[in-house]
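Okay, so here's the structure we're looking at.
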Amino acid sequence: MLSPLSANLARPRRSMLYMPASNARVLDKAKTLAADALIFDLEDAVAPDAKADARTAAVFAADSRGYGQREILIRANGIGTAWFKDDLTAIATSSADGVVLPKIDGPEDLRRADAVLSAAGAPNHLKIWAMMETPRGILAAEALAASTPRLAGFLMGTADLSKDLHCAHPADRAPMIYALQHCVLVARAYGIAIVDGVHVDLEDAAGFEAACLQGRDMGFDGKSLIHPKQIEVANASFAPSANAVDYARRLVAAHAEAAAHGHAVTLLDGRLVEVLHVVQAERLLAQAALIAQLEA
């Protein structure tokens with residue numbers, strides 16, 4: 001059985017789709033979508049006079065358990081807003097898997113959120129996702145990662161980050177590469193998940209696919225999305241290919257056979273196979289199995 005930490009990292013998060021919680025039709029449609037995770041949004045996508053109703057709708061949707069095995073997150077309004085405490089209090093005892101916290105600047109923000117959730121009766125398995133979208137937050141990434149056991153992962157907020165950096169937000173995210181790589185490094189060092197930011201141009205299909213592949217190659221677990229039309233490409237980009245799965249199976253088998261004969265290394269298709277390659281292959285196979293289970 002996987003440990004809680006390993007289970008969190010292994011969970012498929014190829015696609016995390018933001019959905020406005022104020023739109024009942026959209027929340028219902030989400031039940032049919034192939035996204036690995038859904039983020040019911042109470043923040044940017046909801047007008048101020050609709051915040052309370054959106055909160056009620058998001059909690060009701062999470063409690064309905066009508067979304068199969070998808071991970072359900074609710075993005076709360078930020079610390080310092082009039083809605084923050086009410087949002088977290090409502091989410092704390094919901095059936096959501098976690099709460100997304102926007103515009104996190106430092107570890108004190110996460111500890112404050114953890115305290116509000118705990119006081120409201122949140123179980124330990126209700127996790128926090130920190131949005132990495134401010135310069136202070138990026139610089140404090142390591143302190144954030146160590147701040148609370150409730151933290152499940154980082155969710156990049158590249159749109160807000162580019163605004164605060166006064167930089168462009170092209171498909172290749174070149175002006176933000178340092179911030180992206182820094183957060184991946186911290187996430188891997190502290191054993192938390194990390195999901196890449198959104199691609200805001202819905203008509204730029206080629207740019208979106210390139211951004212997905214770039215994020216995959218950088219080490220992200222998946223991509224956050226703003227429209228269902230982006231799900232298929234994200235899922236394909238962050239899933240192991242059939243060829244990769246086949247090679248991983250053969251690699252594990254070849255190493256096991258070598259070990260049975262007392263050899264620590266072997267060759268497969270002319271490539272050296274060591275224990276580190278076996279660990280990578282086993283992780284890929286576990287990911288493929290969990291994706292298949294999710295899509296069954």
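Pairs of alpha-carbon atoms within less than 8 angstrom and 6+ residues apart define the contacts here; what relative contact order does the stretch 4-238 have, in percent?
Numbers: 452 pairs, mean separation 45.9, N = 235.
Relative contact order for the stretch 4-238 comes out at 20 percent.
Rounded to the nearest 20 debye, the dipole size of the chain about its Cα centre is 520 debye, using +1 on the Cβ of Lys and Arg and -1 on the Cβ of Asp and Glu. Between the Cα long axis of helix 177-190 and the first principal axis of the chain there is an angle of about 70°, rounded to the nearest 10. Cross-link pairs exceeding 26 Å between alpha carbons, from the set 51/127; 85/229; 31/163: 85/229; 31/163. For residue 268, the residues whose modelled amide H falls within less than 5 Å of its own, excluding neighbours fewer than 5 places apart on the same chain, are 273.
Each residue of the stretch 262-269 is assigned a 3J(HN,Hα), and the resulting list reads x, 9, 7, 10, 8, 10, 9, 6 Hz, derived from the Karplus form 6.51 cos²θ - 1.76 cosθ + 1.60 (θ = phi - 60°), x at Gly and Pro.
For residue 199, the residues whose amide H sits under 5 Å from its own are 226, ignoring neighbours fewer than 5 places away on the same chain, with H placed 1.01 Å from N.
Less than 14 Å Cβ to Cβ from residue 167, Lys/Arg counted +1 and Asp/Glu -1: what total charge do the surrounding residues give? Don't skip to the end; give the middle numbers.
Working: positive: 163, 173; negative: 133, 160, 164, 172.
Neighbourhood net charge equals -2.
Estimated purely from DSSP H runs of n ≥ 4, each contributing -39500 (n - 2.57), the mean residue ellipticity at 222 nm for the chain is -14500 deg cm²/dmol once divided by its residues.
For the stretch 214-231, putting each phi into the Karplus relation 6.51 cos²θ - 1.76 cosθ + 1.60 with θ = phi - 60° gives couplings of 4, x, 4, 5, 6, x, 5, 7, x, 10, 7, 10, 10, 8, x, 5, 8, 5 Hz, in residue order, rounded to whole numbers and with x for Gly and Pro. Here Cα extents along the principal axes in Å was calculated from the structure, and among (1) 66, 52, 38; (2) 68, 41, 37; (3) 58, 44, 42 it sits at label (2). Across the stretch 96-109, rounded Karplus estimates of 3J(HN,Hα) from the backbone phi angles (6.51 cos²θ - 1.76 cosθ + 1.60, θ = phi - 60°) give 5, 7, x, 10, 9, 10, x, 6, 7, 9, x, x, 5, 5 Hz, Gly and Pro being marked x.
Output the relative contact order of the stretch 52-144, whole-number percent, from Cα pairs under 8 angstrom with separation of 6+ residues. Could the numbers behind the result be given before it?
Details: 130 pairs, mean separation 26.7, N = 93.
About 29 percent, as a whole number.
Quote the FRET efficiency, to the nearest 0.05, computed for residue 178 versus residue 108 with a Förster distance R0 of 22 Å and r equal to the Cβ-Cβ distance. With a Förster radius of 22 Å, E is 0.35.
Bear in mind that the values in this text are calculations on the coordinates, not laboratory data. Here the structure is a predicted model, which is why all the values come from computation and not from measurement. Cβ sites come from the backbone with ideal geometry, for glycine too, and all protein chains shown count toward neighbours.
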